[in-house]
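Working notes for the structure below.
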Amino acid sequence: QVQLVESGGGLVQAGGSLRLSCVASGRLFSTYGMSWFRQAPGKEREFVATIRSSGSITSYTDSVKGRFTISRDNAKNTVCLQMNSLKPEDTAIYYCAARRGLMATTSSLVDSWGQGTQVTVSS
């Protein structure tokens with residue numbers, strides 16, 4: 001399995017932007033579908049975005065479409081989440097996730113999780 005470490009979270013005003021990064025250890029990063037999930041206080045962890053192992057296909061939850069962009073660089077074992085036009089309801093801990101071979105849009109399909117990074121959007 002890959003080990004995942006996220007960075008890039010922080011405090012931002014509504015309408016602002018943040019870029020989250022996730023670096024993976026291991027030689028097989030390019031064979032994993034990568035995803036971002038988030039968990040707000042008192043709520044269940046929810047899917048945000050996913051990208052195919054090759055980077056050719058992406059998918060997003062409806063609430064972030066047009067505002068967030070997921071990307072990956074297999075040469076650098078990195079997946080990123082560019083978040084624009086942030087809203088207070090985007091406040092959550094954001095988790096990087098990996099699934100062998102396929103994309104993951106539900107928590108139960110994830111093979112490896114990062115430790116999470118806090119994103120706080122003030123109104």
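The values are calculated or read from the model by the stated rules, or taken from the named source; none is laboratory data. These figures come from a predicted structure and were not determined experimentally. Virtual Cβ from ideal backbone geometry, glycine too; neighbours counted across all protein chains shown. Side chains included, ligands, DNA and RNA excluded: accessible areas come from the protein's heavy atoms. Shrake-Rupley method; radii C 1.70, N 1.55, O 1.52, S 1.80 Å.
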Just to be sure, is ILE93 within 12 Å of the chain's Cα centre (by Cα), surrounded by fewer than 21 Cβ atoms within 10 Å (Cβ to Cβ), assigned to a strand (DSSP E or B) and not polar (S, T, N, Q)? yes
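Among the residues of region 43-66, is any in a helix (DSSP H, G or I) and open to solvent by 50 Å² or more (accessible area, probe 1.4 Å)?
To start, the set of residues in region 43-66 that are in a helix (DSSP H, G or I) comprises 62-64.
Next, from what is left, pick out any that are open to solvent by 50 Å² or more (accessible area, probe 1.4 Å): 62-63.
Yes, region 43-66 contains at least one residue that is in a helix (DSSP H, G or I) and open to solvent by 50 Å² or more (accessible area, probe 1.4 Å).
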Any residue that is under 16 Å from VAL119 (Cβ atoms) and surrounded by fewer than 19 Cβ atoms within 10 Å (Cβ to Cβ) - is there at least one of those in region 20-32? yes
Checking MET103 against (1) over 24 Å from VAL121 (Cα atoms); (2) surrounded by fewer than 18 Cβ atoms within 10 Å (Cβ to Cβ), the condition it does not meet: (2)
